[in-house]
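Beneath this line is the structure, given in structure tokens, with notes to follow.
Rule-based calculations on the coordinates, nothing more; no lab input. Bear in mind the structure is a predicted one, so any value in this text is a computation, not a measurement. Cβ: placed from backbone, ideal geometry, glycine included. Neighbour counts: every protein chain shown.
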Amino acid sequence: MVQQRGTIQVLSPDYCSVIQEDIIVRLRVTQDIGILTAYCAKADADSADYTDSVVAQVQTDTDGMAAFVFPASQYPHGPLTVRICGGEGSTRDICHLQLYNKAGKPFREGAASAPVPPFAEGMRLVFLDDFDDPDLSISAHRKDVRYYCHKPGGGDFSQIPFTDFESPANPFSQEDTYLRIRADRRKNSTGLISSTLADGSGFEAKAPCYFECRMLGPNAVGSWPAFWLLTNHAARGNSVPVDELDTIEAYGLEDLDHQNQIGYYCTSHRWNQGKSETTDPFAFFDMRNFGNRLNWDACFHTYGTLITEEETVYTCDNIALYHHPTQPVSKVYPFYFMLNLAVGGNGWPVDLSRYGIIDLYADYIRVFAG
């Protein structure tokens, strides 16, 4: 673990805890960083979208302590993040207090409240998981399930390992109608689900098709939430040509001076395809510039990828952000999807010491196909 960079500590409630009513948030600051401002995304009935709101502004006392009331009943039901910010320049810090709010009212929860996306016009719904079934249908070994909890064909890439659903350190749970994937530093576990199983069976869809996931990711040093697609290779071997389409790759830095703090990447990889692998298109989306202007850690967004014979389009909240010509392998082979909360990879720094645990929540996953 790298040295902890956070100076703002939440003493209560616990990180990632469930709250049933309005609560007092108690803080400790390890150095003087001036006035602290707490933000949280709020439901806006007029726009039917989230808007950012200032929950409180507080000054620490001489012992570095502070507190404010979080009026939970005024904020949406379900997962939310209270972002507590303070300081300037080298002293700047942001603390992400993830909570599950039982006191609020539902806001845009579930696929039933979401219209058919415009990118799926003329297609039919071929896959839906609203995560409202108590049986999450995840396994590392069984073949009668919906999801495999490792990367098919091998190659798990998280520094904190993807862990079996059957393990005592199981990272998966259902919270109301949400799937929760928890990264736990103490248990050394985190999670991935794949719609293709280890033997290559399972769900997949061929172009033209549209994959989407409504999700809320955690922002901590080393967190790497992602929703992504691969052409099915598990039954064909790891050396065959494979296309990877990363609908969202979000990188947790907790550093307000970095662009990664306020946006995410999409990337297209062409594996086992020679020189073409060096020219893969990618794009960074600054989330201050479109939609409700709130980051992937601040509120739920719906991230999608459309694959047609002509082009591949990456979307957020039904806004087309980026496109490139559909690659040859993508035109031929069907795709499966993966959703994961990786922590670290490729030698990136990891530090969960401020939180101990962090949570990714998925509201639903839908796939449409021609």
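Tabulated data for the structure shown
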item	result
14 Å beta-carbon shell around Leu36, net charge (K/R +1, D/E -1)	0
Cβ-Cβ FRET estimate between Arg236 and Trp348, R0 fixed at 41 Å, reported to 0.05	0.85
Charge dipole magnitude, Cβ of K and R +1, D and E -1 - region 86-146, Cα centre, debye nearest 20	20 debye
FRET efficiency for Val116 and Asp199, using Cβ-Cβ distance with R0 set to 25 Å, rounded to 0.05	0.15
Estimated dipole of the chain in Debye, rounded to 20 [Cβ of Lys and Arg +1, of Asp and Glu -1, Cα centre]	480 debye
Magnitude of the charge dipole, region 8-101, Cβ model with Lys/Arg +1 and Asp/Glu -1, debye to 20	180 debye
Difference of contour (0.36 nm per residue) and Cα-Cα distance, Glu309 to Thr51	89.2 nm
Cβ-based exposure ranking for His269, His301, in which fewest neighbours within 10 Å come first	His269, His301
Per DSSP, loop GluC sites (Glu not before Pro) in region 296-349 with at most 12 further Cβ within 10 Å	Glu309, Glu310
Over 31 Å between alpha carbons, listed pairs Lys42/Lys187; Lys151/Lys187; Lys151/Lys331; Lys42/Lys151; Lys187/Lys331; Lys143/Lys331	Lys42/Lys187; Lys42/Lys151; Lys187/Lys331
Label of the coordinate-derived value, Cα extents along the principal axes in Å, listed as [x] 65, 45, 39; [y] 77, 48, 39; [z] 54, 53, 40	[x]
For the chain: relative contact order, % (alpha-carbon pairs under 8 angstrom, 6 or more apart)	21 percent
Neighbour cut-off at most 11 other Cβ (10 Å), DSSP loop, trypsin sites (Lys or Arg not before Pro), region 120-171	Lys143
11 Å beta-carbon shell around Gly64, net charge (K/R +1, D/E -1)	-2
Net lengthening on full extension, Asp14/Asp61 (0.36 nm per residue, minus Cα-Cα)	14.8 nm
Computed lengthening from Gln74 to Asp176, 0.36 nm per intervening residue step minus Cα-Cα distance	34.8 nm
Options Ile33, Phe70, Thr51, ranked by Cα towards positive dipole end of region 8-101, top entry (Cβ charges)	Ile33
Charge-dipole axis of region 111-369 as Lys and Arg at +1 and Asp and Glu at -1 on Cβ define it, positive-most pick from Pro118, Gln273, Leu341	Gln273
Charge sum, other residues only, whose C-beta stays under 10 Å from Thr81's C-beta, Lys/Arg counted +1 and Asp/Glu -1	-1
Extent along principal axes [Cα atoms of region 73-182; Å; largest to smallest]	51, 38, 29
Selection from Thr190, Phe165, Leu136, by position along the positive dipole direction of region 102-209 (Cβ)	Thr190
